[in-house]
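K.L.:
Here it is: the structure, laid out below.
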Amino acid sequence: MSLVERDLNVIWHPYTQMKTAMPPIPIVRGAGACLFDEDGTRYIDAISSWWVNIHGHAHPYIAEKVALQLKKLEHVIFAGFTHEGAIELAERLLQILPDNQKKAFYSDNGSTAVEVAIKMCLQYWHNQGLSKTKILAFSNAYHGDTFGAMAVSGRSAFTAAFDNLLFEVEFIDLPDLHNLSDLKSQITNLKSQLACFIFEPLVQGAGGMLMYEANLLSELMAHCHQEGILLIADEVFTGFGRTGKPFACNHLSQQPDIMCFSKGLTGGTMALGLTTCSAAIYEAFLSDDKLKTLFHGHSFTANPIACAAALASLDLFLAPETTENINRIVKAHQNFAQKIASHPKIKTIRQCGTILAMEWQTLDDTSYFNTLRDRLYNYFLSAGIILRPLGNIIYILPPYCITDEELNYIYTKIEDALVEV
Ligand SMILES: *Cc1c(COP(=O)(O)O)cnc(C)c1O
C-alpha cells in the first residue's frame with residue numbers, strides 16, 4: 001500500500017474536510033526552503049510550514065544540537081527539577097525581549113502559551129481579591145484552538161460549533177485613524193471589569209494577514225495601562241523576525257505585561273510554548289497562601305530536546321546572516337508589491353516585514369471559504385510552491401534562508417496566476 005492509502009485508512013488531518021479534500025502529499029525530506037515528496041518532486045515552502053520554519057528544513061546545526069541533547073537527557077519533570085537548556089533559553093530570551101519581561105513559563109505550543117497568559121492575568125487580580133474577569137480582544141483575532149484561546153479569538157466559522165460554550169469576551173475593532181478615540185472610550189467604559197487586553201501585535205495572522213499601525217497600537221496600549229488593564233502580546237506568529245524586527249513589540253513604544261511565543265521559537269523543529277511576564281505579574285503569585293499558586297503545567301513542560309532546538313534556533317536567529325536575509329526578503333517583497341499593486345485582479349496588497357499578503361478581487365466576498373482558494377492552492381502546488389491561501393488572500397512568509405532564485409520563482413508564478421487563474 002502507498003503512504004497515501006495508509007494515511008487515508010487511519011488519519012484525520014487538521015483543518016481538513018476529509019470527505020472532499022485532495023489526498024495529502026507524502027513528504028519524505030526537507031532541505032533549505034524546500035520539501036521533497038516520495039517521487040522526488042520539489043516544493044518551495046513559501047509559508048514556512050504553517051509559519052513555524054524560520055531557518056529552513058532539517059537544518060544541520062539544529063539537528064546536531066538536538067542529537068547531542070537526545071543522548072544526554074530526553075526529558076525530566078519540570079516541577080521540583082530543572083535543567084540547563086530551559087535556564088539558558090530563558091536567560092537568553094529575556095535579554096532580547098522588552099526589558100520589563102522577567103520570568104519565563106514553558107508549555108507545549110502557541111495555544112497553551114495563550115492559555116497560560118490568560119490564567120496569569122485573571123489570577124493576578126484574583127490573588128489580590130479583586131474581581132476583574134473580563135478580557136478584551138480584537139474582532140478577527142486568532143489566538144489558538146483550545147477553549148480559552150478560542151474564546152479570546154474572534155467568533156467565526158472556526159468557533160461556531162462551540163460559541164455558546166465560550167466565555168464572554170469584549171471585542172473591539174482594529175485601530176485606525178478614525179476610530180481610535182472611540183476605541184479608547186469603549187475601553188474606559190469597561191475598565192472596572194477588564195482583567196486584560198490580548199492582541200496579535202501588528203499582524204492578525206489567521207484572521208487574514210490583517211495589518212495595523214504600530215503607533216495606533218502603542219496608543220491603545222498606553223490607554224489600557226492608564227486604565228489599569230494588563231496587556232498580553234501574542235507573538236506566537238510575529239516573534240522571531242517575521243515583522244522585520246526580532247519581535248513585533250520592538251516596533252512599539254509601550255511594553256506588554258505578558259508575551260506569548262511558539263511557532264518560530266524552535267525554528268519549527270519541536271513543539272514548545274513560552275509565556276513571559278513582568279515582575280509585577282510574577283510577584284502577585286508569591287505568597288505563603290498555597291492557593292495563590294499558578295496551578296498550571298503540562299507533561300512536556302520545558303522538554304529538554306525542545307529547549308535544545310530553541311537554543312540552536314536562537315543561535316542561528318542572532319547570526320548577522322539571518323538579519324541580512326530578513327532585510328533581503330523585506331526589500332524583495334517591497335519591489336514585488338510595487339510591481340503588481342495596480343493589477344486589476346489585486347484588491348489590496350500589504351506587507352509587514354517578511355510577510356506579504358495579497359487579497360484577490362473576486363465576485364464573492366472576501367472569506368476563508370472563498371471558492372478561489374482551492375484554485376489558487378492547486379495552481380501553486382502544481383508549480384511546486386506551497387502557498388496556502390486564507391480564502392482569496394494569498395500570502396508569502398518564507399524561511400529566511402530562501403534563495404533569491406526561489407523567491408523570484410514564487411513571484412513569477414504569482415504573476416502567471418494573475419493571468420491564468
Ligand atoms: C498559531 C497561533 C496560535 C496557536 O498556536 P498553536 O501552536 O497552533 O496552538 C496562537 N496565536 C497566534 C497569533 C497564532 O498565529
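K.L.:
Give just the number: which of (1) in contact with a His (Cβ under 7 Å, 6 or more places away or on another chain); (2) farther than 30 Å from Ile394 by Cβ does His83 not satisfy?
P.N.:
In the conditions (1) in contact with a His (Cβ under 7 Å, 6 or more places away or on another chain); (2) farther than 30 Å from Ile394 by Cβ, His83 misses (1) alone.
K.L.:
Leu180: within 16 Å of the ligand (Cβ to nearest atom) and either closer than 23 Å to Lys347 by Cα or not acidic (Asp, Glu) (or both), yes or no? Talk me through it step by step, then tell me what you get.
P.N.:
Values: within 16 Å of the ligand (Cβ to nearest atom): no; either closer than 23 Å to Lys347 by Cα or not acidic (Asp, Glu) (or both): yes.
No: the conditions fail for Leu180.
K.L.:
Additional query: When the stretch 274-294 is examined, which residues are found to be within 9 Å of Asn127 (Cβ to Cβ) and in contact (Cβ under 8 Å) with a residue 24 or more places away in the chain?
P.N.:
Scanning the stretch 274-294 gives Ala284, Phe285, Ser287, Lys292.
K.L.:
Next up: What residue, of Ala312, Ala357, Ala337, Ala279, is surrounded by 14 or more Cβ atoms within 10 Å (Cβ to Cβ) and closer than 17 Å to Ile96 by Cα?
P.N.:
On inspection, the qualifying residue turns out to be Ala312.
K.L.:
I would also like to ask the following. Identify the single condition in (1) modelled with pLDDT of 95 or more; (2) more than 19 Å from Gln123 (Cα to Cα); (3) surrounded by fewer than 23 Cβ atoms within 10 Å (Cβ to Cβ) that Leu177 does not satisfy, given that it satisfies every other one.
P.N.:
Only one criterion is unmet by Leu177, namely (1).
K.L.:
Another question about this same structure. Collect the residues in the stretch 117-173 that are within 15 Å of the ligand (Cβ to nearest atom), of a type outside the set (Gly, Ala, Ser) and surrounded by 21 or more Cβ atoms within 10 Å (Cβ to Cβ), keeping them in residue-number order.
P.N.:
Scanning the stretch 117-173 gives Ile118, Ile135, Phe138, Tyr142, His143, Met150, Val152.
Okay, residues lined up against (1) within 19 Å of Asn100 (Cα to Cα); (2) touching a Cys at 6+ places or on another chain (Cβ under 7 Å); (3) small (Gly, Ala, Ser):
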position: Ile187; (1), (2), (3): no, yes, no
position: Gln204; (1), (2), (3): no, no, no
position: Asn215; (1), (2), (3): no, no, no
position: Leu220; (1), (2), (3): yes, no, no
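K.L.:
Against the definition (assigned to a helix (DSSP H, G or I), at negative phi and charged (D, E, K, R)), how does Arg350 come out, yes or no? Before you say what the answer is, go through the steps one by one.
P.N.:
On the way: assigned to a helix (DSSP H, G or I): no; at negative phi: yes; charged (D, E, K, R): yes.
No.
K.L.:
Another question, if that's okay. Considering only residues that are at pLDDT 95 or above and not in a loop (DSSP other than H, G, I, E, B), which ones fall in the stretch 383-392?
P.N.:
Within the stretch 383-392, Ile385, Ile386 meet the criteria.
K.L.:
Check Ala113, Ala67 and return the single one that is modelled with pLDDT of 95 or more, touching a Cys at 6+ places or on another chain (Cβ under 9 Å) and small (Gly, Ala, Ser). Can you show your working first?
P.N.:
On the way: Ala67 fails: touching a Cys at 6+ places or on another chain (Cβ under 9 Å).
Checking each option against the conditions leaves just Ala113.
K.L.:
Let me ask you something else. Determine which single condition Glu213 fails, assuming it passes every other condition in (1) closer than 18 Å to Lys245 by Cβ; (2) free of Cβ contacts under 8 Å to residues at least 24 places away in the same chain.
P.N.:
Result: Glu213 fails condition (2) only.
K.L.:
Being in contact with a strand residue (DSSP E or B) (Cβ under 9 Å, 6 or more places away or on another chain) and in a loop (DSSP other than H, G, I, E, B) is the filter; apply it to the stretch 368-382 and report the residue that is surrounded by the fewest Cβ atoms within 10 Å (Cβ to Cβ).
P.N.:
The residue in question is Tyr368.
K.L.:
Answer yes or no as to whether Asp182 is surrounded by fewer than 16 Cβ atoms within 10 Å (Cβ to Cβ) and under 22 Å from Gly391 (Cβ atoms). Show your work before the answer.
P.N.:
Values: surrounded by fewer than 16 Cβ atoms within 10 Å (Cβ to Cβ): yes; under 22 Å from Gly391 (Cβ atoms): no.
Here the answer is no, as Asp182 does not meet what is asked.
K.L.:
Gln69: farther than 27 Å from Glu324 by Cβ and under 25 Å from the mean Cα position of the chain (by Cα), yes or no?
P.N.:
When the stated conditions are applied, Gln69 does not pass them.
K.L.:
For Lys347, work out the one condition from (1) crowded, with 16+ Cβ neighbours inside 10 Å; (2) farther than 24 Å from Thr159 by Cβ; (3) in contact with a strand residue (DSSP E or B) (Cβ under 8 Å, 6 or more places away or on another chain) it doesn't fulfil.
P.N.:
Looking at each condition in turn, Lys347 falls short on (1).
K.L.:
Right, here's the next one. Determine whether Ala271 is surrounded by fewer than 24 Cβ atoms within 10 Å (Cβ to Cβ), more than 10 Å from the ligand (Cβ to nearest atom) and in the same structural domain as Thr301 (by TED's automatic domain parsing). First the steps, then the outcome.
P.N.:
Numbers: surrounded by fewer than 24 Cβ atoms within 10 Å (Cβ to Cβ): yes; more than 10 Å from the ligand (Cβ to nearest atom): no; in the same structural domain as Thr301 (by TED's automatic domain parsing): yes.
Here the answer is no, as Ala271 does not meet what is asked.
K.L.:
How many of the residues making up the stretch 98-116 are away from the ligand (no atom under 16 Å from the Cβ) and either crowded, with 20+ Cβ neighbours inside 10 Å or closer than 15 Å to Leu286 by Cβ (or both)? So that I can check it myself, show each step before the final result.
P.N.:
Restricting attention to the stretch 98-116, the residues satisfying the condition of being away from the ligand (no atom under 16 Å from the Cβ) are 98-104.
With either crowded, with 20+ Cβ neighbours inside 10 Å or closer than 15 Å to Leu286 by Cβ (or both) added as a condition, the list becomes 101-104.
Summing the residues that are away from the ligand (no atom under 16 Å from the Cβ) and either crowded, with 20+ Cβ neighbours inside 10 Å or closer than 15 Å to Leu286 by Cβ (or both) in the stretch 98-116 gives 4.
K.L.:
Counting only residues that are without any contact (Cβ under 8 Å) to a residue 40 or more places away in the chain and either in a loop (DSSP other than H, G, I, E, B) or surrounded by fewer than 17 Cβ atoms within 10 Å (Cβ to Cβ) (or both), how many does the stretch 220-237 have?
P.N.:
Residues meeting the conditions: 5.
The values are calculated or read from the model by the stated rules, or taken from the named source; none is laboratory data. All figures in this text were calculated on a predicted structure; none of them were measured in a lab. Ideal geometry is used to build each Cβ from the backbone, glycine not excepted, and the neighbour counts take in all protein chains shown.
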